[in-house]
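Visitor: Take this structure, written in structure tokens, and hold onto it; I'll ask about it next.
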Amino acid sequence: MTPKVRVRFAPSPTGALHMGGVRTALYNYLFAKKHGGDFILRIEDTDQNRFVSGAEAYIIESLKWCGIEPNEGIGFGDGVHAPYRQSERKAMYKQYAMQLLDAGYAYYAFDTTEELDAMRDRFNAPYNYVTREAMKNSLTLPEEDTQKRLLAGEPYVIRIKIPRKEEVRVTDLIRGNVLFHSAQLDDKVLFKSDGMPTYHLANVVDDYLMKITHVIRGEEWLPSAPLHVLLYKYLGWESVMPQFAHLPLLLKPDGNGKLSKRDGDRLGFPVFPLEWKDPITGEISSGYREKGYYPDGFINMLALLGWNPGTSQEIFSLPELVEAFSIERISKSGAKFDAAKTKWFNQQYLRMRSDAELATELTAVLTEKGITATPQFTERVCHLVKEKLHFANELWENSHFFFEAPKAYDEEVIKKRWNEESKAFMQKVIPVFEALTDFTAASTEPAFKATAESLGINPGSQMQLFRVLVSGVGGGPVLFEMVALLGKTEITERLKKAVHSLL
RNA sequence: GGCCCGUUCGUCUAGGGGUUAGGACGUUAGAUUUUCAUUCUAGAAACACGGGUUCGAUUCCCGUACGGGCUACCA
């Protein structure tokens, strides 16, 4: 029987969650849901020096905003494997380090930072099967010396003893078999002198204890995967070792390298899901949420950055992503982030929003400005302008003239179009409009044109000017739809006022 | 430097021993809206290079180049 799929997203609370991290969480979420499994959030806070207050809450809020909520873990409710914060699991790790020690797979090391630096300078090599011979550790020191140091409370770390000559095979769901030679590995610290495990030990122990079946993480972890494989083996957990999938990285849009916070500042797009204020420096980094992006569009974009369904479908709801997702279709190479396409996704999602939903957003702006309008009117306004937008927060700037009469008129258009001929036309069209009983796009347009023609004027030459006289601006939705929505009274009054003020 | 991963239009990608190498974003032109946006149509635009294997390689293999990641008592 195959065990229930259990995956985890395991960020460190060292700052805001990067969009690459969000994508990793997303792929874990999709994989879990696809297989009816569990998705766990585990906080890896084994490095007390890098702890940033607020980071954990930020991670939780980000996942919630994105709609990819873990069903177990910090912020989402405890399961049977609680706690989910490694600092609270501190007591669990030591015994596994001891187990490794007893079995001869690990050893104590007492080297100081200075000694370590000196060793690296001298050998230009890591702590490994050759250099460890020259260092202060339980492999080189007499047994009683080691015991004496331990008893005296001398600081120590526990290092893994990497075999000198062994092939370590990592089977990766995305990359296939990757072969490493143990001679290239180093004796990584598993247990630090401050009593905390390092990532490597804590990660393997927790994944084992939490019955994780698949480890889906960034490609930056591939080089340490053989170390993890060795740990499963030495701990006797080889038969329940999770399967690995190392994700390609998110790259800078220009140039090369991993996408970083700096790139967002430099190129003008957020790299974080939510706005983040650094608690130390007070520096603020923009977020997709605050910029007006929809979470489902953001997630859709992220899903397609490194994965594709093999069809030409590009717009996916979260359930559709779950349905279509498979690890096999994740690409191997890094993906450069594309801010323009991210905007395009948002535009697509904006169009899928109902007029009523957009009206709610616009109403919030109206209320702020002390403007009242009926929901029906606001909805129709939204219906007319939504095709022009990429973001809902552009609603007001594209529709303000529906709610307030123009205070000024686009000067360029006035300069170009306002003349004796147009003055005569506007004065004549006012009574024509007033006489209409049925004031719709279907009635105003022919009336407008007929009036122009009766004066021997090309109707087209008056359209933009007319638009400016009633709205103040040269651009906007389809003219006669706009006219009809504003209504006869409003249109004729605005027109009279405009003609008067321009005389 | 060493180790590992990768390489199809500018970008995200499909494809795969014989294809007009497909789509999307962006971009260019035209049409529509006498504006803008939208929409429609058309266009430019890619298999990194060199060797093999093969009747045939963009596809398979090897090398080179280039890119990326890792190389901490950070994750």
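The values are calculated or read from the model by the stated rules, or taken from the named source; none is laboratory data. Source: prediction; values computed, not measured. No Cβ is skipped: glycine too gets one built from the backbone with ideal geometry, and neighbour counts run over all protein chains shown.
Visitor: Checking the structure you have, find out if any residue of segment A:299-316 is crowded, with 20+ Cβ neighbours inside 10 Å, within 13 Å of RNA strand B (Cβ to nearest atom), part of a loop (DSSP other than H, G, I, E, B) and not hydrophobic (A, V, I, L, M, F, W, C).
Guide: Looking for residues that are crowded, with 20+ Cβ neighbours inside 10 Å, within 13 Å of RNA strand B (Cβ to nearest atom), part of a loop (DSSP other than H, G, I, E, B) and not hydrophobic (A, V, I, L, M, F, W, C), one finds at least one in segment A:299-316, hence yes.
Visitor: Could I ask something else about it? So in segment A:178-196, with the set limited to residues that are more than 7 Å from RNA strand B (Cβ to nearest atom) and of a type outside the set (D, E, K, R), which one is farthest from the chain's Cα centre (by Cα)?
Guide: Among them, the one singled out is A:A183.
Visitor: Please go through segment A:382-422 and give me each residue that is in contact with a helix residue (DSSP H, G or I) (Cβ under 7 Å, 6 or more places away or on another chain), more than 25 Å from A:Y293 (Cβ to Cβ) and not hydrophobic (A, V, I, L, M, F, W, C), ordered by number.
Guide: The answer is A:P406, A:Y409, A:D410, A:R417, A:S422.
Visitor: Would you mind finding the one in A:T360, A:T437 that is without any contact (Cβ under 8 Å) to a residue 24 or more places away in the chain, surrounded by 15 or more Cβ atoms within 10 Å (Cβ to Cβ) and not small (G, A, S)?
Guide: Exactly one of A:T360, A:T437 is without any contact (Cβ under 8 Å) to a residue 24 or more places away in the chain, surrounded by 15 or more Cβ atoms within 10 Å (Cβ to Cβ) and not small (G, A, S), namely A:T360.
Visitor: Here's something else I'd like to know. Any idea which of A:M98, A:M92 is more than 28 Å from A:V322 (Cα to Cα), of a type in the set (A, V, I, L, M) and without any contact (Cβ under 8 Å) to a residue 60 or more places away in the chain?
Guide: The match here is A:M98.
Visitor: Follow-up. Read through the list (1) within 14 Å of RNA strand B (Cβ to nearest atom); (2) more than 15 Å from A:L502 (Cα to Cα); (3) in contact with a Lys or Arg (Cβ under 9 Å, 6 or more places away or on another chain), then give the number of the only condition that A:V413 fails.
Guide: Checking A:V413 against (1) within 14 Å of RNA strand B (Cβ to nearest atom); (2) more than 15 Å from A:L502 (Cα to Cα); (3) in contact with a Lys or Arg (Cβ under 9 Å, 6 or more places away or on another chain), the one that fails is (2).
Residue-by-condition table, conditions (1) under 30 Å from A:D296 (Cβ atoms); (2) exposed (fewer than 15 other Cβ atoms within 10 Å of the Cβ); (3) at pLDDT 95 or above:
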residue	(1), (2), (3)
A:T372	no, yes, no
A:T378	yes, no, yes
A:V381	yes, no, yes
A:L389	yes, no, no
A:F402	yes, no, yes
A:A408	no, yes, no
A:E412	no, yes, no
A:E420	no, yes, no
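Visitor: Do we find a residue being in contact with a strand residue (DSSP E or B) (Cβ under 7 Å, 6 or more places away or on another chain), away from RNA strand B (no atom under 12 Å from the Cβ), part of a loop (DSSP other than H, G, I, E, B) and at pLDDT 95 or above anywhere in segment A:245-254?
Guide: No.
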